[in-house]
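Here the structure is laid out as structure tokens; the discussion comes afterwards.
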């Protein structure tokens, strides 16, 4: 992504607030304003060619549509490899339980974690500094919560303008740049949903599930597992040592420059509960 943009566009989504092993999945896809329409146009054209006229999303993956979803995801990762966009995924391992949280922190944990994701996941502190303000537009998949909670969250996001990370690089979020959107209208958000869903699916061992009373997995589960493995292969083309359950390593500058990164969020004050891991005693 060239350092010539005057505006960046960040699509954000969340998934699986409470999984058996991993929870609070957040995802974002960032693109420069100059790349937004060309990238979206190429992906939408491919969707039409594949006769994927409805919204694509992880929950719709079936054996029938597997090859079409694979083609679309390949094109999405081609855009990442070309530097036209970048993806970040954040999640929390249930076994790492935060301690000494106030009732307010517990009640607002979904939005507190979302705020941390926006502030840190893309490494804005490591982007080259601009001499004049450059704007960040935030498009969130529709929130399921009340207007009051969303308004409070919006206030926290706009307060990032006063943070050291944003001021040092001249990055700014205007009031009108915080927007809820329908994923149906944005192909980048749809592709993000597939990647985010695949990570939650695998980390929570849903690829192992079998229908009650059956010896084998269902066809939809097998199709999702195949798509996850294909996505993992594409990630490893970008990051050869990719490990789904841990934070992506590398120099601090790669927090901004890397096309794909994972962040396994760990609370500063936490305890490890072995009984909540996949390898229980």
Just give me the residues in the stretch 130-146 being farther than 25 Å from residue 188 by Cα and exposed (fewer than 13 other Cβ atoms within 10 Å of the Cβ), in sequence order.
131, 132, 146
Quick check, is residue 41 assigned to a loop (DSSP other than H, G, I, E, B), at pLDDT 95 or above and out of contact with any helix residue (DSSP H, G or I) (no Cβ under 7 Å at 6 or more places or on another chain)?
no
Which numbered condition residue 24 fails, given (1) part of a strand (DSSP E or B); (2) closer than 22 Å to residue 233 by Cα; (3) touching a helix residue (DSSP H, G or I) at 6+ places or on another chain (Cβ under 6 Å):
(2)
Which numbered condition residue 202 misses (of (1) surrounded by fewer than 19 Cβ atoms within 10 Å (Cβ to Cβ); (2) free of Cβ contacts under 8 Å to residues at least 60 places away in the same chain; (3) assigned to a helix (DSSP H, G or I)):
(1)
Does residue 92 satisfy the criteria of being in contact with a strand residue (DSSP E or B) (Cβ under 7 Å, 6 or more places away or on another chain) and closer than 18 Å to residue 33 by Cβ?
no
Just for the stretch 205-241: of the residues that are part of a loop (DSSP other than H, G, I, E, B) and in contact (Cβ under 8 Å) with a residue 12 or more places away in the chain, which one is farthest from residue 21 (Cα to Cα)?
239
Among the listed residues 196, 113, identify the single one that is modelled with pLDDT under 95 and in a helix (DSSP H, G or I).
113
For the stretch 123-149, what are the residues that are without any contact (Cβ under 8 Å) to a residue 40 or more places away in the chain, part of a loop (DSSP other than H, G, I, E, B) and out of contact with any strand residue (DSSP E or B) (no Cβ under 7 Å at 6 or more places or on another chain)?
131, 132, 144, 145, 146
Could you list, in sequence order, the residues of the stretch 150-173 that are out of contact with any strand residue (DSSP E or B) (no Cβ under 6 Å at 6 or more places or on another chain), surrounded by fewer than 16 Cβ atoms within 10 Å (Cβ to Cβ) and free of Cβ contacts under 8 Å to residues at least 40 places away in the same chain?
151, 155, 159, 162, 164, 167
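The values are calculated or read from the model by the stated rules, or taken from the named source; none is laboratory data. Not measured: the values here are computed from a predicted model. Please note: Cβ atoms are built from the backbone with ideal geometry, for glycine as well, and neighbour counts cover all protein chains shown.
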